[in-house]
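To keep things clear, I will list the structure first and then write my remarks on it.
The values are calculated or read from the model by the stated rules, or taken from the named source; none is laboratory data. Computed from a predicted structure; not experimentally measured. Methodologically, a virtual Cβ is constructed for each residue, glycine included, from the backbone with ideal geometry; neighbour enumeration extends over all protein chains shown. Side chains are part of the model used for accessible areas, which takes the heavy atoms of the whole protein and leaves out ligands, DNA and RNA. Shrake-Rupley method; radii C 1.70, N 1.55, O 1.52, S 1.80 Å.
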Protein chains: 2
Amino acid sequence: MTRIPAAERRSALIEAALRVVSRHGIAQATTRAIVAEAGMSLASFHYAFDSRDELIDELITTVVEREQQAVIPDVVPGGDLREIIESGLHRYFEHLKADPEHEQAMLELTQYALRSPERHPLAVAQYARYAALAEQALEAAATSADATWRVPVATVARVLVAFTDGLTLTWLVDRDDDAARAVAHAAADAVSRMADAR
Amino acid sequence: MTRIPAAERRSALIEAALRVVSRHGIAQATTRAIVAEAGMSLASFHYAFDSRDELIDELITTVVEREQQAVIPDVVPGGDLREIIESGLHRYFEHLKADPEHEQAMLELTQYALRSPERHPLAVAQYARYAALAEQALEAAATSADATWRVPVATVARVLVAFTDGLTLTWLVDRDDDAARAVAHAAADAVSRMADAR
DNA sequence: CATGAAGTGGGACAGTCGACCCAGTCGACC
DNA sequence: GGTCGACTGGGTCGACTGTCCCACTTCATG
């Protein structure tokens, strides 16, 4: 086997771990399953990481960072507030449908982090980041649609994050695309009513 | 040790398993941890259940059934639609705060069910039940507040379920009571705007 | 009181887990 | 070309897992 510097090996293992968690869940993400997915020997694992926990921690931070970029609601097109929000939700929904296992893995990793005191802050940071992103997007949306939020933007952002999470979980369970779209439509409408036209 | 009929032993083991899952997560709910919690020997486990999987299945169905009753939005007091919905959300939030570990266990069990094809239907049935309960409550609320839903009630119900799930997850992560209440307030307001006064 | 089924205890099984060890190999540099 | 440190493969460790087994006790029934 070709020789690979430790740094690359670490990220290769993290990618492999993410694939394993996505496919089979975190419980099945054993050191052996991960190195098999990465095509390495068991020794390489403990050469690159001190422990499985260390890899999981790094996996969580990596994956959260990536999720930010994927979910970040980019350019706000013309249209009223409702349309902007709905297109953002649709964008997320397409992201979810494109790789359901990845979002399921995200949820599992969050809950995994919730179970140990040392890892809990990772989950807190993750959700704080989501809320901040949503807040920023909502402010941009209001500006673009020439509206002002009647409710504090931070609160609207939390509603949006909570709703997005719930939408994810619900869809992962029943995989009902039409229902999810209808729900996103209704939710976008409802959220947009938290602002007044200016 | 006194002799206990198998039926009682099954339910005792299920209760014990629920406590273990709540406290330490489903990954730690080993046969030994469960029997220790129940104060039984390992043999009693496999006398009452054929396998650990069988117990987990029964645990999920039991716990879903119970959750229905706990979350079921009972009597709708006087007040407008927004107030009724918000009080329902508050009621659920108090339920969540009273036993956070239980709700966390519910989420874990759902995700666990999602991971195996045989158990997936359990999760589907669970969410269908939640949606039906929400729908029924929303219809009662509209009647009480003398309003009509502009959006299909089934859709509103799904919005509510998704939002509730998301609220749970968010609060489990950051334990921010004030934020959760503000979010519930805003969400109740938004959802109530999906109906027209009659 | 005998008997057989229901229930119990403790030990054992094979398999898997995370972690580790060490002899060996490779590649860059002197 | 030799040497040193980075890297690798394979084997092994003790702990823990779900499951099973079997001798034993208890109790309702005859």
Exercise. Among B:SER87, B:SER116, B:SER44, determine the one that fluctuates most according to a GNM of chain B built with springs between C-alpha atoms less than 10 Å apart.
Key: B:SER116
Practice problem: Any chance you could look up the accessible area of A:LEU107 with a 1.4 Å probe, heavy atoms only, rounded to 10 Å²? | Solution: 10
Exercise. Using amide H atoms built 1.01 Å from N in the peptide plane, name the residues 5+ places from A:ALA195, or on other chains, whose amide H lies under 5 Å from its own.
Key: A:ARG150
Quiz prompt | chain A: relative contact order in percent, alpha carbon pairs under 8 Å with at least 6 residues between | solution = 22
Exercise. Pop out a list of residues from region B:135-165 that are at least 40 Å² less accessible with all the protein chains around than in their chain alone; 1.4 Å probe, no ligands or nucleic acids counted.
Key: B:THR155, B:ARG158, B:VAL159, B:ALA162, B:PHE163
Quiz item: Given a Förster radius of 35 Å and the C-beta distance between B:SER51 and B:ARG181 as r, what FRET efficiency does 1/(1 + (r/R0)^6) yield to the nearest 0.05?
Solution: 0.20
Exercise. For chain A, find the longest principal axis of its Cα atoms and tell me its angle to the long axis of helix A:81-98, 0 to 90°, nearest 10.
Key: 20
Quiz item: Once Lys and Arg get +1 and Asp and Glu get -1 on their Cβ, which of A:SER144, A:THR62, A:ALA131 lies farthest toward the positive end of the dipole of chain A?
Solution: A:THR62
Exercise. Add +1 for every Lys or Arg and -1 for every Asp or Glu among the other residues with Cβ under 15 Å from the Cβ of A:HIS46, and state the total.
Key: 0
Exercise. Give a quick list of GluC sites (Glu not before Pro) in region B:98-147 that DSSP marks as loop, anything other than H, G, I, E or B, with at most 11 other Cβ atoms within 10 Å.
Key: B:GLU118
Quiz item: Can you give the accessible area of A:GLU8 in Å² (nearest 10), computed on protein heavy atoms with a 1.4 Å probe?
Solution: 110
Practice problem: Take the solvent-accessible surface of the protein heavy atoms, probe 1.4 Å, and return the percent of it on chain B that carbon and sulfur atoms account for. | Solution: 54
Exercise. Using a Gaussian network model of chain A whose springs link C-alpha atoms within less than 10 Å, name the residue from A:ASP176, A:ASP165, A:ASP57 with the highest mean-square fluctuation.
Key: A:ASP176
Quiz item: Taking the label point 7 Å from Cα in the Cβ direction, how far apart in nm is A:ALA43 from each other copy of itself, listed shortest first?
Solution: 4.6
Self-check item: Paired Rg and Dmax values of region A:57-197, which use every Cα atom, in angstrom
Solution: 15.2, 45
